[in-house]
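A.B. asks: First the structure, then my questions, so here it is.
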Amino acid sequence: MALRIDILTLFPEMFTAVLGTSIPKRAAEKGLVSYHLTNIRDFATDAHKSVDDKPFGGGPGMVMMCQTVFDAVGAVEKQDPRKATRILLTPQGRLFNQSMAEEFARSDRLLLIAGRYEGFDERIIEGLAPIEVSIGDYVLSGGELPAMVIVDAVVRLLPGALGSEGGATHPTFQPG
């Protein structure tokens, strides 16, 4: 069965080019992976479709709202009976590396949650118990670019994705 990758984001349109070209596209066409984009804003309950709020317990800035993210994750997880490996893209997470990519490539289903603002309400981390992942020690506008990095690194490892049965363990491009 194909690896299912769910991506929860406020900007699903950012993924069109990445998922629709090169190795991610060919892997999907071969039936090795399927991508499912969900707009977190679709689960907002107020008239303004708000997804951010002040941090629970105080603090500066705004964070992703707890209930909206819980509702989005719950709805998406009901779409497939396989247990999802929940991945929260956050600067304070474990540093993403090749070994983690290999681990994720062995999964049946990945659920990537891309945040915005100052991050996530702490109750999201406590309630969902995700793997917190970072792609580096710098600040980005949100979790979309890290999600794309993870998808690319994982999908190229799927057997058959690069035309060989074993997938690729050595990168064809190394940043830095």
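Conditions (1) among the hydrophobic types (A, V, I, L, M, F, W, C); (2) not in a loop (DSSP other than H, G, I, E, B), marked per residue:
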| residue | (1), (2) |
| --- | --- |
| Gly74 | no, yes |
| Asp80 | no, no |
| Ile87 | yes, yes |
| Gly93 | no, yes |
| Ser99 | no, yes |
| Glu103 | no, yes |
| Leu110 | yes, yes |
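A.B. asks: Additional query: Restricting the search to the stretch 115-163, which residues are acidic (Asp, Glu), in a helix (DSSP H, G or I) and exposed (fewer than 15 other Cβ atoms within 10 Å of the Cβ)?
C.D. replies: First, pick out the residues of the stretch 115-163 that are acidic (Asp, Glu): 118, 121-122, 126, 132, 137, 144, 152.
Subsequent filtering for residues that are in a helix (DSSP H, G or I) retains 122, 126, 144, 152.
Selection gives Glu122, Glu126.
A.B. asks: Next question. Looking at (1) part of a loop (DSSP other than H, G, I, E, B); (2) modelled with pLDDT of 95 or more, which one does Phe56 not meet, given that it meets all the others?
C.D. replies: (2)
A.B. asks: Now, a different point. Checking Gln98 against (1) under 11 Å from the mean Cα position of the chain (by Cα); (2) at pLDDT 90 or above; (3) of a type outside the set (Val, Ile, Thr): exactly one of these is not met. Which one?
C.D. replies: (1)
A.B. asks: Checking the structure you have, find out if any residue of the stretch 117-137 is modelled with pLDDT of 95 or more and within 22 Å of Ala27 (Cα to Cα).
C.D. replies: no
The values are calculated or read from the model by the stated rules, or taken from the named source; none is laboratory data. In this text, all values refer to a predicted model and were calculated from it rather than measured experimentally. Backbone-built Cβ (ideal geometry, glycine too); neighbour counts: all protein chains shown.
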